[in-house]
């Protein structure tokens, strides 16, 4: 995992919903959450409703949420931009859903799985990288978002976030095979 305090990696990616490009510059001076998700992963499907709720709860507090899909769409066509757009519409995502075709942004963030969460403070410094909460598709635990919510509440209040942060667990990002 990238170290806490790391500055937000630069990116400029298309939002599959609006067609506009969103960049790291758009996050300057704001608390922001960058989430690596996709359409097909059962771990993401398990938390999608909570992601929408989180966005709706915190966007009104000035937090910017960005979702990014970096999966190889040749081998995982359910994660293609047209399907991303439909998924965002059906789930009523209150945040942009960006497509990282080159996978360079996922590599810059050192994103490993879907879902993977990165919270940056107003100065663009990484304050939290870890799990949403303890819930998993195979566990009988409610999806609350408690870990990310606690980190968000502290960051918004200008307080430090706990240094012990559990890594996110999910499906590996589907990396493209090297071209021969």
Of all residues making up segment 100-113, the number that are closer than 17 Å to residue 40 by Cβ and crowded, with 21+ Cβ neighbours inside 10 Å
3
If you scan segment 123-180, which residues turn out to be assigned to a helix (DSSP H, G or I) and closer than 20 Å to residue 1 by Cβ?
146, 147, 148, 149, 150, 151, 152, 154, 155
Any idea which residue in segment 113-122 is farthest from residue 169 (Cα to Cα), counting only those that are part of a loop (DSSP other than H, G, I, E, B) and touching a strand residue (DSSP E or B) at 6+ places or on another chain (Cβ under 7 Å)?
121
Candidate set from segment 144-164 (those that are buried (at least 18 other Cβ atoms within 10 Å of the Cβ) and within 16 Å of the chain's Cα centre (by Cα)); member that is nearest to residue 48 (Cα to Cα)
145
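Here, each number is a calculation from the coordinates, and none is a lab measurement. For clarity, every value in this text was computed on a predicted model and none was experimentally measured. Quick reminder, even Gly has a Cβ in these numbers, built from the backbone with ideal geometry, and neighbours come from all protein chains shown.
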